[in-house]
1. Being among the basic types (Lys, Arg) and surrounded by 15 or more Cβ atoms within 10 Å (Cβ to Cβ) narrows it down to one of Arg40, Arg36, Arg85, so name that one.
2. Looking at segment 73-149, what helices (runs of 4 or more DSSP H) fall wholly within it and have at least 1 residues that are without any contact (Cβ under 8 Å) to a residue 40 or more places away in the chain, of a type in the set (A, V, I, L, M) and touching a helix residue (DSSP H, G or I) at 6+ places or on another chain (Cβ under 9 Å)?
3. Between Phe135, Phe90, Phe66, which is under 17 Å from Leu23 (Cβ atoms), aromatic (Phe, Trp, Tyr) and at pLDDT 90 or above?
4. Checking Met51 against (1) in a helix (DSSP H, G or I); (2) in contact (Cβ under 8 Å) with a residue 60 or more places away in the chain; (3) of a type in the set (A, V, I, L, M, F, W, C): exactly one of these is not met. Which one?
5. Condition (residue is of a type outside the set (Ser, Thr, Tyr) and touching a Pro at 6+ places or on another chain (Cβ under 8 Å)) applied to segment 100-116: is it met by at least one residue?
6. Taking the conditions exactly as written (out of contact with any Ser or Thr (no Cβ under 6 Å at 6 or more places or on another chain) and farther than 22 Å from Ala50 by Cα), does Asn111 satisfy them or not?
7. For residues that are surrounded by fewer than 19 Cβ atoms within 10 Å (Cβ to Cβ) and without any contact (Cβ under 8 Å) to a residue 24 or more places away in the chain, tally how many sit in segment 163-194.
Amino acid sequence: MPPVDWEPIALTLKLATVTVLVLLVIGTPIAWWLARTQSRARIVVESFVAMPLVLPPTVIGFYLLFLLGPNGPIGGAWELWGGPRLVFSFAGLVIGSVLYSLPFVVQPIQNAFMAIGDRPLEVAATLGASRWDRFWTVAVPMARRGFITAAALGFAHTVGEFGVVLMIGGNIPNRTRVISIAIYDSVEALNYPQAHILSLIMIVFSFIVFLLVYAMNRRADVMSR
């Protein structure tokens with residue numbers, strides 16, 4: 001058995017962890033707004049959030065490469081202000097991963113918030129709870145299943161990315177070479193044993209992630225009865 005290349009595995013897990021944390025921070029308020037608003041802009045925001053579900057990853061990666069590149073409107077201005085280069089860097093991978101995995105985090109949380117309904121929040125309001133208190137002490141605990149599912153889906157989806165990370169990050173060892181790129185490299189080099197090992201790691205990891213999600217959600221169902 002050939003030795004396992006742990007470097008892309010470690011980088012992939014780091015990328016997925018950072019991506020999920022960022023998505024939970026920015027995705028939670030988006031999901032809350034989508035679940036509660038009556039604004040006509042809701043369908044526009046929902047459509048934007050859902051676009052990565054149907055867009056080819058290479059399309060997202062291409063436009064990110066254009067926007068974040070040194071000659072792009074965002075990347076050029078960022079570097080002009082003294083920021084590090086975004087393309088072919090870990091920061092670029094995070095940006096691409098956040099956009100590509102956005103619906104996998106926002107939609108489960110939004111659905112969980114919508115399932116709460118108005119009654120629990122109205123009761124909390126009559127007891128003097130502020131909007132902030134109602135959100136943190138009522139909505140978030142009641143939507144915990146949505147958060148668990150969102151975190152797991154976002155993490156697993158980021159781990160399995162290929163097109164976006166290849167376009168925006170390339171294939172730089174110790175910087176942007178994630179496990180999906182490493183598998184592709186191994187196949188191109190006819191190193192099938194290494195490709196088998198990395199692919200099996202991905203399969204086992206995906207199974208464990210969803211096994212934990214279903215177990216945690218089932219436990220939450222039992223506790224809520």
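1. Step by step, each of Arg40, Arg36, Arg85 is checked, and only Arg36 is among the basic types (Lys, Arg) and surrounded by 15 or more Cβ atoms within 10 Å (Cβ to Cβ).
2. Because the criterion is at least 1 residues that are without any contact (Cβ under 8 Å) to a residue 40 or more places away in the chain, of a type in the set (A, V, I, L, M) and touching a helix residue (DSSP H, G or I) at 6+ places or on another chain (Cβ under 9 Å), the helices (runs of 4 or more DSSP H) in segment 73-149 that meet it are 73-80, 90-116, 119-126.
3. The unique qualifying residue is Phe90.
4. (2)
5. Taking every residue of segment 100-116 in turn, at least one turns out to be of a type outside the set (Ser, Thr, Tyr) and touching a Pro at 6+ places or on another chain (Cβ under 8 Å).
6. no
7. 8
Residue-wise test of (1) closer than 19 Å to Ala156 by Cα; (2) of a type in the set (D, E, K, R).
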site: Phe66; (1), (2): no, no
site: Pro73; (1), (2): no, no
site: Glu79; (1), (2): no, yes
site: Leu86; (1), (2): no, no
site: Phe90; (1), (2): yes, no
site: Ser97; (1), (2): yes, no
site: Ile109; (1), (2): yes, no
site: Leu121; (1), (2): no, no
site: Ala124; (1), (2): no, no
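The values are calculated or read from the model by the stated rules, or taken from the named source; none is laboratory data. As the structure is a computational prediction, the values presented were derived from the model and not from experiment. In this analysis, Cβ positions are derived from the backbone assuming ideal geometry, glycine residues included, and neighbour counts consider all displayed protein chains.
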